[in-house]
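What follows is a set of notes on a single structure, which appears directly below.
The values are calculated or read from the model by the stated rules, or taken from the named source; none is laboratory data. This one's a predicted model, so the numbers in the text were calculated from it and none came from an experiment. So basically every Cβ, Gly included, is an ideal-geometry build from the backbone, and we count neighbours across all protein chains shown.
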Ligand SMILES: C[S@@+](CC[C@H](N)C(=O)[O-])C[C@H]1O[C@@H](n2cnc3c(N)ncnc32)[C@H](O)[C@@H]1O
């Protein structure tokens, strides 16, 4: 069995048509969001497990994470990570806002049609 | 947990499914990584959240908007559970809950399947080593899978109970067993056997002199509810009949590794066991959470087979979610019907409105000898939630069942 087969089989559709309860576009996005929510929970629990193990082994002291104060350079790196992360996820909002300010934006398909007309 | 609970400690006020790590493992149980366990914990909490915190909103919306809206539009109140469900389909509260409940089920299947599929070869080897050459497993590769099982995969479980992906495959048995916790939230206990323990308790209390030697369970799947019967009556021989080879293989490997040896697994349809078992050859025929995955005709055939197979004085017991009695509110009926329409349990709706007493009579049982009862899942209450005390209603999923049976 290839890795790709395993991925396909794990996520296989069960026999029987899928019901939709919301606008299918919305339901699709919600389904993706719910999987992300699941994976975030998994990541959170993993970090929690690590913390508890490090504490049990005496590497980490109780309260150390909550009182952790990054130095200036670490702080900048971390805050920039947040900014990049948010910008990455909210890309579509940025692009729709950019589009709202443009009056002469043209679709590539329209240009393609233009080019056919040009050739004639 | 067993530790003493201090006031104000999170453990003192915690109410919900236990950590998946309390689940009982055995020789053919798949390995689960940290993150796979947490995926299951998350999904069990999702179901808990939907039942405890979202369903009350669906009910409130039904009372405040759906029922009055229907009455205003039609000049009469909602009259059937189907009208109630269809009216709720127009309401965002029901639709959002439904979408999330469906997705949780789909995520559970993907999560459980991934865990098993990634280790399939190793798991199949382990299983094979446990059951190789054992004559307590009788498979019939030529068995036809009826349409009521093959057309839609029950509870969105790809490949259902019968599909095989490799020779001597255990995949679908292992997926069904190890990740079912997502739906039950621990209400069935360490070995998902709270239903079986409930049946045993009921039988010992209500039929104290019953000493069965030959027990037959239809649709026993991997033996979750069956093994407690075999354990409670060690002198008896328990035979499990099911359609699916992967669940039967898995069932025997699981039973042996749990030290239960008075069980046999036979691949056959319980609709017709002529040529396999003789008339009157059993003392007890049991089904647990089984009838709702049949069809009307299959249910009739199976009731008739149970009658044929029991010796005079033998007992048949069916354990199922409660029927739709006229005094059950239409909202509850519609919510219970959800699985029929949106979770690939097509017979659920029809089955729960059938007159089962009449069906038992039709199968040859004497109406005067029909048995009715009720049971709750029996679990280790130190660790697992107790269904009898749990007030959350997760329509159709709670470990609270009706018993209908008869003395032959
Ligand atoms: C919901 S599961 C039963 C759960 C199981 N009794 C327990 O308590 O863990 C339904 C089972 O019935 C089996 N089944 C469906 N139709 C059947 C038939 N005609 N004969 C035998 N088994 C059947 C399926 O393969 C599946 O394993």
Q: Among the numbered conditions (1) away from chain A (no Cβ under 14 Å); (2) over 25 Å from residue B:216 (Cβ atoms); (3) within 16 Å of the ligand (Cβ to nearest atom), tell me where residue B:325 comes up short.
A: (3)
(Q) Being free of Cβ contacts under 8 Å to residues at least 24 places away in the same chain, surrounded by fewer than 19 Cβ atoms within 10 Å (Cβ to Cβ) and either touching a strand residue (DSSP E or B) at 6+ places or on another chain (Cβ under 9 Å) or at the interface with chain A (Cβ under 10 Å from one of its Cβ atoms) (or both) is true for just one of B:74, B:34, B:49. Which residue is that? (A) B:34
Q: Select from segment B:273-294 the residues that are outside any helix (DSSP H, G or I) and under 22 Å from the mean Cα position of the chain (by Cα) and write down the one among them that is farthest from the ligand (Cβ to nearest atom).
A: B:284
Q | Among (1) away from chain A (no Cβ under 13 Å); (2) crowded, with 18+ Cβ neighbours inside 10 Å; (3) farther than 24 Å from residue B:394 by Cα, the one test that residue B:27 misses | A | (2)
Q) Is one or more of the residues making up segment B:111-129 modelled with pLDDT of 95 or more, over 25 Å from residue B:256 (Cα atoms) and either surrounded by 17 or more Cβ atoms within 10 Å (Cβ to Cβ) or within 19 Å of the chain's Cα centre (by Cα) (or both)? A) yes
Q.
It is to be established whether one or more residues within segment B:202-220 are at positive phi, within 14 Å of the ligand (Cβ to nearest atom) and away from chain A (no Cβ under 14 Å).
A. yes
**Q.** Count of segment B:20-34 residues which are within 13 Å of residue B:181 (Cα to Cα) and under 21 Å from the mean Cα position of the chain (by Cα)
**A.** 5
Q: Might you let me know whether segment B:185-200 holds any residue that is farther than 25 Å from residue B:317 by Cβ and either buried (at least 24 other Cβ atoms within 10 Å of the Cβ) or over 13 Å from the mean Cα position of the chain (by Cα) (or both)?
A: yes
Q: Could you list all residues from segment B:81-108 that are more than 16 Å from residue A:33 (Cα to Cα), part of a helix (DSSP H, G or I) and more than 7 Å from chain A (Cβ to nearest Cβ)?
A: B:81, B:82, B:83, B:84, B:85, B:86, B:87, B:88, B:92, B:93, B:94
Q: Spot the failing condition for residue B:262; the list is (1) out of contact with any helix residue (DSSP H, G or I) (no Cβ under 6 Å at 6 or more places or on another chain); (2) more than 15 Å from the ligand (Cβ to nearest atom), and only one is missed.
A: (1)
Q: Among the numbered conditions (1) within 12 Å of chain A (Cβ to nearest Cβ); (2) part of a helix (DSSP H, G or I); (3) over 27 Å from residue B:296 (Cα atoms), tell me where residue B:165 comes up short.
A: (2)
Q: For segment B:332-351, name all the residues that are surrounded by fewer than 22 Cβ atoms within 10 Å (Cβ to Cβ) and not in a helix (DSSP H, G or I).
A: B:345, B:346, B:347
Q) Which is modelled with pLDDT under 95 and surrounded by fewer than 20 Cβ atoms within 10 Å (Cβ to Cβ), of B:304, B:325? A) B:325
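Restricting attention to segment B:135-150, and to residues there that are closer than 15 Å to residue B:261 by Cβ and surrounded by 15 or more Cβ atoms within 10 Å (Cβ to Cβ), which single residue is farthest from the ligand (Cβ to nearest atom)?
First, pick out the residues of segment B:135-150 that are closer than 15 Å to residue B:261 by Cβ: B:135-137.
Then drop every residue that is not surrounded by 15 or more Cβ atoms within 10 Å (Cβ to Cβ), which leaves B:136-137.
Working: B:136: 17, B:137: 15 Å.
Checking each candidate, the answer is B:136.
Given the structure, is residue B:133 under 20 Å from residue B:254 (Cβ atoms), touching a helix residue (DSSP H, G or I) at 6+ places or on another chain (Cβ under 8 Å) and not in a helix (DSSP H, G or I)? I'd like the intermediate steps shown before the answer.
On the way: under 20 Å from residue B:254 (Cβ atoms): yes; touching a helix residue (DSSP H, G or I) at 6+ places or on another chain (Cβ under 8 Å): no; not in a helix (DSSP H, G or I): yes.
The answer is no for residue B:133.
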